[in-house]
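Engineer: Below: one structure in structure tokens.
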Amino acid sequence: PDTAFVIEILCPAATILQNEKMKEAATINQQLKKIIIKAGEGLVVGGVHTPNHRWVISAALAGINALYPNRKYVDRINEWLDEGVFIDEDGHYPERSGIYSGVENTAFITIGRLANKRELFEPVRRNLAMYYYYIEANGDLVTNDSRRQDQYLSAAKPVTLFYLQYRYMAIRDNNRNFAAIAKMIEALPGFEKDILTRSLFYFLENETLQQELPSSAPLTDRYEKLFST
């Protein structure tokens, strides 16, 4: 799984470099290819130890397959998907965690767009719709009911974790609520540090993110919601 997290970043790098004309880019990309292909050999047979790792590995394999197509990558993704995606009626993944919801949403978006598994956008929609109710006014995420380490962190995680996901789904679905949440995140003090200084390569690799957000729907700042699960 740790290898898969690295490959999730290296594959966009290799994709960007493929479009570069400089000789140095081609040299670097050949070195990246060796690493990525070698990692793929492990990812098609390796196991996992938490629910989200299946999807991180599958996302990495989708990235590898988009660069260097091989049926074994797709077959392994399908094996993991055969286990099913658990998401409850409220929109929680098993970890009930902002950190891992971000991980799983990112993975499902990657698999959905690179492996043409569009059905995987549906759990992302449900989770993002739910997480609006977990955002404090200052951008912190509520963590009380998490089953993972963020429940015990002294400093709350910020909703910037979800920015690229809200932006992508807002543009893809023309979702005005997600667009409004994305714009709300853009106005938070941590946006430049968390997104603008770290995410340029995601925009370069994923053309959807480069498009304008749709017009926003008004967001209420007074609400309550019962999560029955």
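The values are calculated or read from the model by the stated rules, or taken from the named source; none is laboratory data. All figures in this text were calculated on a predicted structure; none of them were measured in a lab. Methodologically, a virtual Cβ is constructed for each residue, glycine included, from the backbone with ideal geometry; neighbour enumeration extends over all protein chains shown. We work out accessible area using only protein heavy atoms, side chains counted, and drop any ligands, DNA or RNA first. Shrake-Rupley method; radii C 1.70, N 1.55, O 1.52, S 1.80 Å.
Engineer: Restricting to the stretch 54-73, name every residue that is open to solvent by 10 Å² or more (accessible area, probe 1.4 Å) and either touching a Leu at 6+ places or on another chain (Cβ under 8 Å) or at pLDDT below 95 (or both). It would help to see each step written out before you state the result.
Structural biologist: First pass over the stretch 54-73, keeping only residues open to solvent by 10 Å² or more (accessible area, probe 1.4 Å): 54, 65-72.
65, 66 - these are the residues of the stretch 54-73 that are open to solvent by 10 Å² or more (accessible area, probe 1.4 Å) and either touching a Leu at 6+ places or on another chain (Cβ under 8 Å) or at pLDDT below 95 (or both).
Engineer: Something else: Does residue 33 fit the bill of being in a helix (DSSP H, G or I) and open to solvent by 40 Å² or more (accessible area, probe 1.4 Å)?
Structural biologist: Working: in a helix (DSSP H, G or I): yes; open to solvent by 40 Å² or more (accessible area, probe 1.4 Å): yes.
When the stated conditions are applied, residue 33 passes them.
Engineer: Continuing with the same structure: Out of the residues in the stretch 80-110 that are touching a residue at least 40 places away in the same chain (Cβ under 8 Å) and of a type in the set (A, V, I, L, M), which is nearest to residue 227 (Cα to Cα)?
Structural biologist: 87
Engineer: Hey, another quick one. Residue 91 - would you say it is of a type outside the set (D, E, K, R), modelled with pLDDT under 95 and outside any helix (DSSP H, G or I)?
Structural biologist: Judged against the criteria, residue 91 is not a match.
Conditions (1) of a type in the set (Val, Ile, Thr); (2) at pLDDT 95 or above; (3) within 19 Å of the chain's Cα centre (by Cα), marked per residue:
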site: 8; (1), (2), (3): no, no, yes
site: 15; (1), (2), (3): yes, no, yes
site: 18; (1), (2), (3): no, no, no
site: 23; (1), (2), (3): no, no, no
site: 27; (1), (2), (3): yes, no, no
site: 30; (1), (2), (3): no, no, no
site: 37; (1), (2), (3): yes, yes, no
site: 40; (1), (2), (3): no, yes, no
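Engineer: When residue 189 is evaluated against the numbered criteria (1) within 18 Å of the chain's Cα centre (by Cα); (2) open to solvent by 100 Å² or more (accessible area, probe 1.4 Å), which criterion, by number, is the only one it fails?
Structural biologist: Against the list (1) within 18 Å of the chain's Cα centre (by Cα); (2) open to solvent by 100 Å² or more (accessible area, probe 1.4 Å), residue 189 comes up short only on (1).
Engineer: Kindly check whether there is at least one residue in the stretch 152-159 that is open to solvent by 10 Å² or more (accessible area, probe 1.4 Å), at negative phi and part of a helix (DSSP H, G or I).
Structural biologist: Initial filter on the stretch 152-159 (open to solvent by 10 Å² or more (accessible area, probe 1.4 Å)): 152-158.
Those left that are additionally at negative phi: 152-158.
The next check asks that each one be part of a helix (DSSP H, G or I); those that pass are 152.
Looking through the stretch 152-159, at least one residue is open to solvent by 10 Å² or more (accessible area, probe 1.4 Å), at negative phi and part of a helix (DSSP H, G or I).
Engineer: A further question on this structure: Considering only the stretch 192-222, state which residues are open to solvent by less than 20 Å² (accessible area, probe 1.4 Å), assigned to a helix (DSSP H, G or I) and free of Cβ contacts under 8 Å to residues at least 40 places away in the same chain.
Structural biologist: 195
Engineer: Right, something else. Pull up the stretch 123-151, narrow it to residues that are open to solvent by 10 Å² or more (accessible area, probe 1.4 Å), at pLDDT below 90 and part of a helix (DSSP H, G or I), then point me to the one that is farthest from residue 217 (Cα to Cα).
Structural biologist: Among those that are open to solvent by 10 Å² or more (accessible area, probe 1.4 Å), at pLDDT below 90 and part of a helix (DSSP H, G or I), it is 149.
Engineer: What are the residues in the stretch 96-110 that are open to solvent by 10 Å² or more (accessible area, probe 1.4 Å) and more than 19 Å from residue 178 (Cβ to Cβ), if any?
Structural biologist: Of everything in the stretch 96-110, those that are open to solvent by 10 Å² or more (accessible area, probe 1.4 Å) and more than 19 Å from residue 178 (Cβ to Cβ) turn out to be 96, 99, 100.
Engineer: Moving to a separate point now. List, please: which pairs have Cβ atoms under 6 Å, are six or more places apart or on different chains, and start with a residue in the stretch 1-26 that is under 13 Å from residue 206 (Cα atoms) and end with one that is not hydrophobic (A, V, I, L, M, F, W, C)?
Structural biologist: That search, which allows pairs on different chains as well, returns 11/63; 12/205; 14/29; 15/205; 16/205.
Engineer: Let me ask something else. What is the one condition in (1) among the charged types (D, E, K, R); (2) more than 13 Å from the chain's Cα centre (by Cα); (3) open to solvent by 10 Å² or more (accessible area, probe 1.4 Å); (4) more than 20 Å from residue 226 (Cα to Cα) that residue 113 does not satisfy?
Structural biologist: (2)
Engineer: Taking residue 83 as meeting all but one of (1) among the charged types (D, E, K, R); (2) surrounded by 17 or more Cβ atoms within 10 Å (Cβ to Cβ); (3) under 23 Å from residue 146 (Cβ atoms), write down the number of the exception.
Structural biologist: Tallying (1) among the charged types (D, E, K, R); (2) surrounded by 17 or more Cβ atoms within 10 Å (Cβ to Cβ); (3) under 23 Å from residue 146 (Cβ atoms), residue 83 fails exactly one: (2).
Engineer: On the given criteria, is residue 7 open to solvent by less than 50 Å² (accessible area, probe 1.4 Å), assigned to a helix (DSSP H, G or I) and over 20 Å from residue 119 (Cα atoms)? Write out each step before concluding.
Structural biologist: Values: open to solvent by less than 50 Å² (accessible area, probe 1.4 Å): yes; assigned to a helix (DSSP H, G or I): yes; over 20 Å from residue 119 (Cα atoms): yes.
Yes.
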